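The values are calculated or read from the model by the stated rules, or taken from the named source; none is laboratory data. Remember, it's a predicted structure, so these values are computed and weren't measured experimentally. Because the Cβ atoms are built from the backbone with ideal geometry, glycine has one as well, and the counts that use them run over all protein chains shown. Surface accessibility is based on the protein's heavy atoms, side chains included, excluding ligands, DNA and RNA. Shrake-Rupley method; radii C 1.70, N 1.55, O 1.52, S 1.80 Å.
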Amino acid sequence: MAFRCTACDADHEALPDLGMRAPDPYLAVPEDERAARTTFSEDRCTVEDDDGVHYFVRGVLYIPIHGQDEPFGLGVWVSQSRTNYERYERNEDMEPTFGWLVNRIGHYAEDTLLLKTRVHFHGGTSRPTFELEPTAHPLALDQRCGISLARAWEIVHRYLPN
Ligand SMILES: [Zn+2]
């Protein structure tokens, strides 16, 4: 069913999932230093700095959409301990772990960097899913309470062309 978008006034069909390309700490490394200081794949990333090596995994933060069965999937990155990063790499069965969100999501006026998340692993080729700590941060509220379809499209339009 087409949806008349209040952000761009066009008719849209299915809401796309949105993905942050890389962890912000990776993007902060100058491009000519990335070969020496980072590793990067679609699912995993490491960044070395003066404090040592930092480990990041990509997953999905689902936000329910009011009146829709399918949630909005926001692809983002969180930090992991080295131990958990390596267990994920070996595809071990894992209990939920702790991770810091390492993407600024520009739609939110309050910084989303370093929000606390619980990371759920699903095995096989499924991406982990992230559950934000239940704070009053607008992104955490959105994940708990859901957003309108119009709001979801506003977020999408910050990143994708109309
Ligand atoms: Zn639109």
Check which residues have an amide H placed less than 5 Å from H137's amide H, if you skip close sequence neighbours.
none
Return the long-range amide H neighbours of R44 (sequence gap of 5 or more, or a different chain), with a cut-off of under 5 Å between placed amide H atoms.
R58
Report, in debye and to the nearest 20, how large the dipole of the chain comes out about its Cα centre when Lys and Arg carry +1 and Asp and Glu carry -1 on their Cβ.
200 debye
Ignoring ligands, DNA and RNA, what percent of the 1.4 Å accessible area of the chain is carbon and sulfur?
48 percent
In whole Å, what are the extents of the chain along the principal axes defined by its C-alpha atoms, from largest to smallest?
48, 37, 30
Please name whichever of L113, S79, W153 sits farthest to the positive end of the charge dipole of the chain, dipole taken about the Cα centre and charges placed at Cβ: Lys and Arg +1, Asp and Glu -1.
W153
Just to check I understand the Karplus step: with θ = phi - 60° and J = 6.51 cos²θ - 1.76 cosθ + 1.60, what whole-Hz values come out for the stretch 40-48, glycine and proline as x?
8, 9, 5, 10, 9, 7, 10, 9, 9
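Show me the ranking of peptides 68-75, 54-61 by mean Cβ neighbours inside 10 Å, starting with the highest.
Descending packing order for the listed peptides: 54-61, 68-75.
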So, for the stretch 16-159, what is the accessible surface per residue at a probe of 1.4 Å, expressed in square angstrom?
53 Å²
Percent antiparallel among DSSP beta bridges (both partners in the chain, rounded to 5)
90 percent
